[in-house]
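As structure tokens, the structure follows; a few thoughts come after it.
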Amino acid sequence: MIKQILGRLPRKPSKSADNREFGASSTPSLNTTGTRAADVVTGDPVISNSTSNHGPDVASISAYGQGSSVPAVVNSKENGNVNAMATLYEALPSFRDVPNSEKQNLFIRKLNLCCGVFDFTDSTKNMKEKEIKRQTLLELVEYVTAVNGKFTETVMQEAIQMVSANLFRSLNPQPRDNKVLEAFDLEDEEPLVDPAWSHLQIVYEFLLRFVASPETDTKLAKRYIDHSFILRLLDLFDSDDPREREYLKTILHRIYGKFMVHRPFIRKYINNIFFCFIFETEKFNGIAELLEVLGSIINGFALPLKEEHKLFLAHALIPLHKPKCLAMYHQQLSYCITQFVEKDCKLADTVIRGLLKYWPITNSSKEVMFLTELEEILEATQPVEFQRCMVPLFYRIAHCLNSSHFQVAERALYLWNNDHIESLIRQNRKVILPIIFPALEKSGRAHWNQVVQNLARNVHKIFSDVDPELFEECLHKFQEDEVKLEEGKPKHEATWKTIEEIAASNAARNEAIVVSTTAAAQTASC
């Protein structure tokens, strides 16, 4: 009797049953983010890379749109027949086998079929289904390339949905602590590759051709290639796979060129990525690729430059010299900054002072890169801008001439091999030569590297030929300073001896050391 009463009571539906009503797996996907997470809620199909403990390797494949022939995966374990599990993931007809009037519907059905994402961590699983999807993706690429006639809004929606389902996933970058410290050894490392690249590559190729196709109407497409889509696309630049970043670079450039309405947003979000990289993490794989895109963008800036672009240079590009891993993207960064100076020569002073602000003190390899970039900037610098920054600039170059690292000293001396830079120095020699003469003289006399000595002597000769009087004046002052320094050595040694004696005496009595102001000043002058 009691059992009969309880049997009539309504049962609370299980969570798994609720999920299946929306076309989702009984276990939520671990890598379902952004719109893919929304797809699960709204009933759109998602095939997760992660599977249920009681389900097949493909979590769920549901019909996506009308007329789709993609059946749901049969969970054979729940039916008690593990060996009889069948995915029923069947290939669709070829475009050649259907009349023209049916090709668009077939195209949509193929897009729906390719919304499924498989687990590639085990290459032995779902081999047949993976190959069916790969062949279908290749057919989609071929269709987009050869199609005649504008894509409809429905096609665009389905195409972007398929791309989003395949590309937008959680990235699991490798630990990069050592990468920062060993930036110069990265070329010797094997690049990390995504096991799903055999499918991802074709999806990227599809997206590239879809965006570039003249049949893609920008006004319609911008509803689906929107800010959310672009934001997630930019986040993928952190992928460890260099092939993926190369595709992303090309696609982003195409989107920037075709969708003018999105240009400010793209620049702003790249700016945010740079800020996060510079001031927080110093970890992002795609900085070089983003800078390559920016190089083309900067090249197309109209004159006069907007204030927004100048602020981007000062607040984002110049501080990119700060991270330790500069070598990973320095070539692209240098090109971007040189483009700004060539566009507006008045920015040379801002750029050079920015370089001096972030100039490395103990990293010789990084210092060589700064000197190389400095030469490119000076080559585009006009005399008026050069005069504004030449004093702090040549104090820094003098330090480089004195460097015991021969590559730093050698690279600094190579500046005189550039005709434009040598001309600027000659015009302002009365200010520059007194600053660099002591360092130049010491390098020419006593540097341990013979090449540096020879280069220093060549620069010596340039100045002595151009202005003998100024050269002799600087030489005379240098010799006087050397004599004064030699004369002051006994006095300095006596001061240090006095300090040592006082220290030893106070140490014996456990008292603090008291040094007179005069003695401290004399010691500091040493």
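The values are calculated or read from the model by the stated rules, or taken from the named source; none is laboratory data. Not measured: the values here are computed from a predicted model. Positions of Cβ are generated from backbone atoms using ideal geometry, with glycine treated the same way; all protein chains shown enter the neighbour counts. Protein only, heavy atoms only, side chains kept; ligands, DNA and RNA dropped before computing areas. Shrake-Rupley method; radii C 1.70, N 1.55, O 1.52, S 1.80 Å.
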Got a sec? Which of 283, 249 is basic (Lys, Arg) and not in a helix (DSSP H, G or I)?
-> 283
Flag if residue 290 is under 21 Å from the mean Cα position of the chain (by Cα), within 23 Å of residue 322 (Cα to Cα) and assigned to a helix (DSSP H, G or I) = yes
All positions within the range 398-426 that are of a type in the set (A, V, I, L, M) and within 19 Å of residue 359 (Cβ to Cβ) | 398, 401, 408, 409, 412, 413, 415, 421
Any residue at all in the range 377-395 that is at pLDDT 95 or above and either among the small types (Gly, Ala, Ser) or closer than 29 Å to residue 285 by Cβ (or both)?
-> yes
The range 261-278, subset open to solvent by 60 Å² or more (accessible area, probe 1.4 Å) and without any contact (Cβ under 8 Å) to a residue 40 or more places away in the chain, residue farthest from residue 329 (Cα to Cα) | 261
Selection count, the range 462-513, where residues are of a type in the set (Ser, Thr, Tyr) and within 50 Å of the chain's Cα centre (by Cα) | 1
The condition of being in contact (Cβ under 8 Å) with a residue 40 or more places away in the chain and either closer than 26 Å to residue 171 by Cα or open to solvent by less than 10 Å² (accessible area, probe 1.4 Å) (or both) holds, among 290, 313, only for 290
Spot the failing condition for residue 235; the list is (1) open to solvent by 50 Å² or more (accessible area, probe 1.4 Å); (2) part of a helix (DSSP H, G or I); (3) within 19 Å of residue 273 (Cα to Cα); (4) at pLDDT below 90, and only one is missed.
-> (4)
Residue check: is residue 327 within 30 Å of residue 172 (Cα to Cα) and of a type in the set (Gly, Ala, Ser)?
-> yes
Among the listed residues 381, 372, which satisfies the condition of being in a helix (DSSP H, G or I) and either among the polar types (S, T, N, Q) or open to solvent by 50 Å² or more (accessible area, probe 1.4 Å) (or both)?
-> 372
